[in-house]
Amino acid sequence: MILQPMETVEKELLSLGLTEVKREDNRLTVTLPADKLYGVARYLRYDRPEKFDYLIDIVGMDYGDALGAAYHISPSQTPSLVVTLVTRTGNREQPELFSVCDLWDSASVYEREVYDFFGVRFINHPDMRRIFLRTDWNGFPLRKDYNADPAINPVPPENELISDMERAPSITIKMGERIEEVHQVFDDDEYVINFGPQHPAMHGVLHLRVALNGEIIKKIDPVFGYIHRGIEKICESYTYPQILHLTDRLDYLSGTMNRHAVCLCCEKALELEVPERAHYIRTIFDELTRIASHLLGWGCMCMDMGSITAFVYGMRDREKIMDVFEETAGGRLMANYSVIGGVARDIHPNFQKRVKEFIPYMRKMLKEHHLLFSNNPIARGRMKDIGYLSREKAISLGATGPSGRASGWSNDIRKIAPYAAYAKANFDEVLRTEGLTYDRYIIRLDEIEQSLRIIEQLVDNIPEGAYAAKTKAIIRLPEGEFFQRVENARGQFGVHITSKGDKTPYRVKFRSPSLVLVGALKAIATEAKVADLIMIGASLDYVIPCIDR
Amino acid sequence: MEVKNIRIPNMKYEDFNDNEYLEEYVAELRKNGVNIFVGKISDFINWGRSNSVWPLTFATSCCGIECIMCVGAARADFARFGWEVTRNSPRQADVIFVCGTIVHKMAPVLKRLYEQMAEPRYVMAIGSCAISGGPFKSSYHVVQGVDEIIPVDVFIPGCPPRPDAVLYGMMQLARKIKVQNFFKLPQQPQIANSSNHDTTADGNS
Ligand code: SF4
């Protein structure tokens, strides 16, 4: 008998002496003591034929009596398989866990985030600074006993000192000996320049500290948190329908898809049957949003190369989509359309007509975009041969979405675990192999074409029937942990909800595809020319509020 | 009572909201009378100023897409009002559009940007986040309205406001610019919402 991948992993884990292995909706949850975590993670990462080389997310947790973390990992060969390692530490005063940042590159930002929110320090992590909040922030906001009195943390009158920002503490344990040190991120004799937080080409308020040698970038230190809105904490006091409104505002260019993720997660937990009609409408909305987002990303990228015309063209085409949204949903950028159980209202009578008009229009415009820009020798000169990201690095960094697919990593959730009506449409996952800036540029335009294909197949076949399932007035999720991923315009957007059976969640964590893309920027742009930094950043197309949440 | 000299093309005076505010403002400005000659020159300069307001490209989040990008792009096109010369340096800008949530870590940055702008300078708070914290009001890290940090001339509600709303707000600011006395600019009257207008801030700090 051939074992399914999940059963194989389950057997292996049991043979490692782990007892608490649970199977939940396509996910294997393993609860293990803190001192075993690193060993098991290392085994899964390196010592088996199908390596778990993709760390999806680390979710910090406050269990009340203990602090801990849940690691969602997945092998790139069998991307539908997800294993969750859960560990905890009872020490609330000095909580410590072992770092896995030498196994996965993406762990280094995730662990810093857990430290920032919960105060859990990771041993052997070289840089245990806070990631979003200032160094002088008091307390760890996502702990349950956090005191949110504004008098404790008032609005600061002055900027943080750069010298404070760059003191990176670390704990290492070498041969049984524990060493606590603090080192500076940049040496005194390094030439460091600032990009941002207010920089016209930074696409938001990201702050990059860049050390240069001539015009070659030696080191990049991204500083986050200039738009950290504390969404995950707010969610803990909001009901589920209220949370939906915040998700639109995370990555506002993929608002509809983020909202879809939370809806799917809640529906899965409630075992709610969503009408087919809603699935179709949601899928069309998602794809329209993807097109709008790629158009905007494309326009901004071209603008960063000095072509204002492309930006105006991109925005012009995007307005057509906004009109469709506005007619049906009432909102433009924030459609606020999906709700738990379906969509908020039925589609406008003009909806299908407008969408069908849009498809040939967009096809024609795509040709023009290629003609004007993709084949322009100056543009090609600026994009070809720079910004190489290898497939292995993309996986280790967790750079999903178009950026990962440009390096040849197939990671499209729409294909891996089809949700809504994706299984009913025939489309290709666009893959490229070179992993250069040009590939990341062109893949977005190619994805627009695929999105048009999906819409084309679905728009005429929207089934009749109800547009939403009946839900109770007060929605309570059953006790448990729920995890759902969707493919948004930047990559895999994940929602992790821990429920205790109340009408508000106990913990909500969003996996931001953009956060790790900044890690990718760091990896790609080191040793590149400083003039290419903006291009590389634009080709990754991150959205800052989604990073900071 | 219609205030003279603030005609906005294609929009009638009565169609604007908040005319009382403007009237009160003008009454306060002209309390001690205005030299007719100086008044005329001032009007002329203000006509030029209000039709070539240079905004700073500044946006922190979602509102930036709708309110800077869409308004700047083909359909809404704020070039019609002479606002299209966006500046990347605060030292060259006349108005700062505060688009998006301002959080604790960003607050000192925003304040510094404002202080770097040369007088006369204006602030537009766009979106409910900039006005009051908006959907994130209960957050531990969000400033409850930018008027806590810098004085605001025009508030534009919405989450995000439509591009048309932003255009309307821009016209309102243009009207405000038109009635001011150019030669006494830093000392503008303080009424209602502009009570915390900081006239001492050093423009070059
Ligand atoms: S007001 Fe709404 S759209 Fe604007 S920044 Fe705030 S959340 Fe985003």
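The values are calculated or read from the model by the stated rules, or taken from the named source; none is laboratory data. Since the model is a prediction, treat every value here as computed from it, not as a measurement. We place every Cβ from the backbone using ideal geometry, glycine too, and count neighbours over all the protein chains shown.
For the reader, a short list of remarks on this structure follows.
- Single residue of segment A:532-549 satisfying the filter (part of a helix (DSSP H, G or I) and within 14 Å of chain B (Cβ to nearest Cβ)) that is nearest to the ligand (Cβ to nearest atom): A:P545
- Qualifying residues in segment A:457-476 (those that are of a type outside the set (S, T, N, Q) and not in a loop (DSSP other than H, G, I, E, B)) - the one surrounded by the fewest Cβ atoms within 10 Å (Cβ to Cβ): A:A468
- Positions within segment A:509-522 being more than 14 Å from the chain's Cα centre (by Cα) and either buried (at least 24 other Cβ atoms within 10 Å of the Cβ) or not basic (K, R) (or both), in sequence order: A:L521
- The residue of segment A:302-353 that is nearest to A:D541 (Cα to Cα), among those that are of a type in the set (F, W, Y) and within 16 Å of the ligand (Cβ to nearest atom), is A:F325.
- Tally, over segment B:60-118, of residues that are under 14 Å from A:P200 (Cβ atoms), among the aliphatic types (A, V, I, L, M) and facing chain A (nearest Cβ under 7 Å): 2
- The set of residues in segment A:99-125 being in a loop (DSSP other than H, G, I, E, B) and touching a His at 6+ places or on another chain (Cβ under 8 Å) consists of A:S99, A:C101.
- Scanning segment B:122-154 for residues that are touching a residue at least 40 places away in the same chain (Cβ under 8 Å) and more than 9 Å from chain A (Cβ to nearest Cβ) returns B:Y122, B:M124, B:I126, B:G127, B:A130, B:V146, B:D147, B:I150, B:P151, B:V152, B:D153.
- Test: residue in segment A:364-377 that is in contact with a Cys (Cβ under 8 Å, 6 or more places away or on another chain) and surrounded by 19 or more Cβ atoms within 10 Å (Cβ to Cβ): yes
- Within segment A:83-99, the residues that satisfy the criterion of being crowded, with 19+ Cβ neighbours inside 10 Å and among the polar types (S, T, N, Q) are A:T84, A:T87, A:S99.
- Only residues that are surrounded by 13 or more Cβ atoms within 10 Å (Cβ to Cβ) and assigned to a loop (DSSP other than H, G, I, E, B) were counted across segment A:4-39, and they come to 3.
- A:H207 satisfies every condition listed in (1) within 13 Å of chain B (Cβ to nearest Cβ); (2) out of contact with any Phe, Trp or Tyr (no Cβ under 9 Å at 6 or more places or on another chain) except (2).
- Subset of segment B:145-176 (residues that are within 13 Å of the ligand (Cβ to nearest atom) and in a loop (DSSP other than H, G, I, E, B)): B:G145, B:P157, B:G158, B:C159, B:P160, B:P161, B:R162
- Test: residue in segment A:237-245 that is within 19 Å of A:F325 (Cα to Cα) and within 9 Å of chain B (Cβ to nearest Cβ): yes
- Residue selected from segment B:132-142 under the condition assigned to a helix (DSSP H, G or I) and near the ligand (Cβ under 9 Å from one of its atoms), by the criterion surrounded by the fewest Cβ atoms within 10 Å (Cβ to Cβ): B:P135
- The residue list A:D164, A:D149, A:D136 contains one member that is under 28 Å from the mean Cα position of the chain (by Cα) and surrounded by 11 or more Cβ atoms within 10 Å (Cβ to Cβ), which is A:D136.
- Count of segment A:121-144 residues, restricted to those that are of a type in the set (D, E, K, R) and within 12 Å of chain B (Cβ to nearest Cβ), is 4.
- All positions within segment A:70-99 that are modelled with pLDDT of 85 or more and closer than 24 Å to A:E7 by Cα: A:A70, A:Y71, A:H72, A:I73, A:S74, A:P75, A:V82, A:V83, A:T84, A:L85, A:V86, A:T87
- Filtered by the rule that a residue be part of a strand (DSSP E or B) and in contact with a Gly (Cβ under 6 Å, 6 or more places away or on another chain), segment B:63-114 gives a lone residue, B:C99.
- Pair list, Cβ under 7 Å, 6 or more apart: segment B:11-23 residue within 12 Å of B:K176 (Cα to Cα), other residue loosely packed, with under 13 Cβ neighbours inside 10 Å: B:Y21/B:A192; B:E23/B:M1
- Options B:E24, B:E28: the member that is over 18 Å from B:Y168 (Cα atoms), away from chain A (no Cβ under 14 Å), in contact with a Pro (Cβ under 7 Å, 6 or more places away or on another chain) and assigned to a helix (DSSP H, G or I): B:E28
- Any helices (runs of 4 or more DSSP H) falling wholly within segment A:359-414 and containing at least 3 residues that are at pLDDT below 85: A:377-383
- Among (1) at pLDDT below 85; (2) surrounded by fewer than 17 Cβ atoms within 10 Å (Cβ to Cβ) - the single one A:D102 does not satisfy: (1)
- Scanning segment A:456-502 for residues that are at pLDDT 85 or above and basic (K, R) turns up A:R485, A:R490, A:K500.
- If you go through segment B:47-98 and keep only what is without any contact (Cβ under 8 Å) to a residue 60 or more places away in the chain, within 18 Å of A:S293 (Cβ to Cβ) and within 16 Å of the ligand (Cβ to nearest atom), you end up with B:A59, B:G64, B:I68, B:M69.
- One residue alone among A:R440, A:R476 is in contact (Cβ under 8 Å) with a residue 12 or more places away in the chain, basic (K, R), under 30 Å from A:K367 (Cα atoms) and not assigned by TED's automatic domain parsing to the domain that holds A:V59, and that residue is A:R440.
- Positions within segment B:101-131 being within 14 Å of the ligand (Cβ to nearest atom) and either surrounded by fewer than 20 Cβ atoms within 10 Å (Cβ to Cβ) or not polar (S, T, N, Q) (or both), in sequence order: B:I102, B:V103, B:M106, B:L110, B:M124, B:A125, B:I126, B:G127, B:C129, B:A130, B:I131
- Residue list for segment A:108-126, filter: closer than 18 Å to A:D35 by Cβ and surrounded by fewer than 22 Cβ atoms within 10 Å (Cβ to Cβ): A:R121, A:I123, A:N124
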